[in-house]
Amino acid sequence: MTSTDPHQIPVHLLTEEEIEWMAMGPFDGGIPGLVRRIRRILEVSQRGLAEILGVSQSVVARWETERTSPRASVLRHLLWLAGLRTSFHDEETGEEVGPMRDDGARQHGGSRYPAHGDLTVRGWWVPRHLRSTSIDYYRAIDRSRKQRDPGIRCTYDPHWRAVFRAVWGTPDDHPSVWQLAAEAEHLDEVREQRRRGATLA
């Protein structure tokens, strides 16, 4: 099987255009090049880097020959060792894109809400089985208010998500539970103002 990479083809078999292209370097070395760059910054051999990471020299060699790649957690540790940090940017806008926050609101079971969903608040959390005509319903609201435990709705249906985003914009993250609790408190204030307005009318 013939290689399509000009770097893997003997020079005498290359066209003038391919030779000119090769002379234009340097070229992005990808993950193997990044591992080599880190070794150069740290001034260590493959064996030296392997000892720092607690792996074998052959593992580092496989990273540098692209037979395997380091796990994301290992790559992050490598960057930290070299005093480097990564940043990601939107191709269209050029704006930096960071990871989602770690303190985003969670469900009552402790699991995270789906990353592709949008979170909204409709008030304070009440168990689904309680009816709004029962005393327990209003006791649950009072308890949730004291505990700052808002009723969170996650919308990930494409249609409704598009509607909500058209009205309120596209959120770039999930809010923290404290931010959502503040929103529930604001809804309380709005309802109270409406109630007072209706009473005065």
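Miscellaneous remarks
- In the chain, a dipole from Cβ-located charges (positive for Lys and Arg, negative for Asp and Glu) runs towards its positive end, and of 73, 129, 84 it is 129 whose Cα lies farthest in that direction.
- Here the scattering of the range 29-124 is modelled by Debye summation over its C-alpha atoms, one equal scatterer each and no solvent; at q = 0.15, 0.20 Å⁻¹ the log10 of I(q)/I(0) is -0.75, -0.97.
- When only the Cβ of Lys, Arg, Asp and Glu is charged (+1, +1, -1, -1), the dipole of the range 63-145 relative to its Cα centre reaches about 820 debye.
- Stokes-Einstein diffusion coefficient of the range 124-201, Kirkwood radius over Cα pairs, 4 °C, 1.567 mPa s, in µm²/s: 89
- Whole-number percent relative contact order across the chain, with pairs defined as alpha carbons under 8 Å at least 6 apart: 15
- Per-pair calculated FRET efficiency, R0 = 41 Å: residue 12 and residue 115 via Cβ, rounded to 0.05: 0.20
- Only helices enter this figure: runs of n ≥ 4 DSSP H residues, each worth -39500 (n - 2.57), summed and divided by the residues of the chain, yield -14500 deg cm²/dmol at 222 nm to the nearest 500.
- R0 of 30 Å, Cβ-Cβ distance residue 90-residue 194: FRET efficiency to nearest 0.05: 0.15
- Over the range 112-194, Cα pairs under 8 Å with separation of 6+ residues give a relative contact order of 40 percent.
- Maximal additional length on extending the residue 136-residue 61 stretch stands at 20.5 nm, based on 0.36 nm per residue less the C-alpha distance.
- Electrostatic dipole magnitude of the chain [Cβ: Lys, Arg +1; Asp, Glu -1; Cα centre; debye, to 20]: 1660
- Each peptide among 120-133, 55-68 gets the average number of other Cβ atoms lying within 10 Å of its residues, and from highest to lowest they stand as 55-68, 120-133.
Every read-out reported here was derived from the displayed coordinates using simple, explicitly stated rules and does not represent laboratory data. These numbers were taken from a predicted model, which means no experiment stands behind them. Virtual Cβ from ideal backbone geometry, glycine too; neighbours counted across all protein chains shown.
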